[in-house]
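The values are calculated or read from the model by the stated rules, or taken from the named source; none is laboratory data. Keep in mind that this is a model prediction, so the values were computed, not measured. Positions of Cβ are backbone-derived with ideal geometry, glycine not excepted, and every protein chain shown enters the neighbour counts. To get the accessible areas, we keep the full protein, side chains included, count just its heavy atoms, and leave off ligands, DNA and RNA. Shrake-Rupley method; radii C 1.70, N 1.55, O 1.52, S 1.80 Å.
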Amino acid sequence: MIEKNKATEFIDTQNSLNEFVKKLDGKAVIGIDTEFERIRTYYPKLCLIQVASTNSMACIDCLANLDLSSFWQLIYRDDIEIFIHSGSQDLEIFYLENKSLPQNIFDTQIAASLLGYPMQIGIKNLLMDELGINIEKSETRSDWSKRPLHPKQLNYAIEDVAYLMELGASLKKKLKLKGRLEWSEEDCKRMLATKTGLMDQENAWKKIKGIKKLNSKFQNAAIELTKWRENESAKKNIPRKWLIDDTEIINISKMDPQSLNKLKLEFLLNKHMQESDIEKMIGMLRSIKNSKKERNRKNKIKMIPNYKLIIEKINALITKHAKQLDITQEALATKKDILLLVQGRESRLDAGWRKSQLNKAIKKILK
């Protein structure tokens, strides 16, 4: 179901793109979503950009060899607010395409979480609850790299942005009434400052289950091996696990690098992991051993006395205050937020609206 007063354009020529950008110029708000393919690649392949303003909508074909520079310049302007929903993956695309992020972002999922909605609410449920609008989600697993796109795919794609301006306006109105619009703006800015996915390749190792439980020697090897995998997967542009699996990273990190050889690691061979790759990997692991390189384990922080009791009390405070605000506990503070605060590290609880809401009560507990 698309708004009747808007015609959807499919843009696959430079002239039509240039004309569409002219239509967008001067608009205060633009809704954006993306469709991409990354099943067989390391880097996401941008296939489609869906854009909507107050009076126009379009699907931009990113596989049509278009020069998108004028479009990117437009959406990166500070005087244009970009509406997105659950936009972390869209932002990753923006970053990979432009090496920076637009700064005037309003994420409707973040806004909704400050009004009592679940943290991960999808656009379909949010549109139904807020506006009584039902959209289809039948093409979630579509291959967006195939051409021509089916009309069902285009309809699915444009529905994600067709009502974003109306949805954003509804959420902003409620946030203003509750005095929380600045909260939403703050959390959106925090999202922009938090690098994730391919914007933060150095910390890819943190996603590997079990790596933090290894002792320092093995953990250091696993971290360096993960970094090596990131670099090699990027060079080959293949999914990282096609090269070497997470469990194999853990297992190999526990082996003595001096005893490693191609025969011992023969089980790793596949069409992506060649003998030359294994040789490079062994050389990298041995260089760690030879240089006696030890990781500075910043996560190993000496906890304050009675920290478990303090965490328990702060958690109880968060639970109670979240109920008073009528939002989920995670929207106010996660367990990680609490742990970071108790460790004396940077935490959302020690800044902005969360600090103003909770600082006095938390200080009492810490004393």
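Some notes on this structure:
- Strands (runs of 3 or more DSSP E) contained in the stretch 56-131 and holding at least 2 residues without any contact (Cβ under 8 Å) to a residue 60 or more places away in the chain and basic (Lys, Arg): none
- Only one entry of Ile310, Ile338, Ile282 meets the criterion of being open to solvent by less than 80 Å² (accessible area, probe 1.4 Å), in contact with a Ser or Thr (Cβ under 9 Å, 6 or more places away or on another chain) and modelled with pLDDT of 90 or more, and that entry is Ile338.
- Of all residues making up the stretch 231-267, the number that are touching a helix residue (DSSP H, G or I) at 6+ places or on another chain (Cβ under 7 Å), under 17 Å from Phe218 (Cβ atoms) and part of a loop (DSSP other than H, G, I, E, B): 4
- Residue pairs meeting the criteria (Cβ under 7 Å; at least 6 apart or on separate chains; first within 18 Å of Cys47 (Cα to Cα), in the stretch 153-169; second among the aliphatic types (A, V, I, L, M) and part of a helix (DSSP H, G or I)): Asp160/Ile123
- Residue check, Glu202 part of a helix (DSSP H, G or I), farther than 29 Å from Tyr95 by Cβ, open to solvent by 20 Å² or more (accessible area, probe 1.4 Å) and charged (D, E, K, R): no
- Residue match in the stretch 268-279 (condition: more than 24 Å from Arg38 (Cβ to Cβ), touching a helix residue (DSSP H, G or I) at 6+ places or on another chain (Cβ under 8 Å) and not basic (Lys, Arg)): yes
- Qualifying positions in the stretch 33-55 - under 16 Å from the mean Cα position of the chain (by Cα) and either without any contact (Cβ under 8 Å) to a residue 12 or more places away in the chain or not in a strand (DSSP E or B) (or both): Arg38, Tyr42, Tyr43, Pro44
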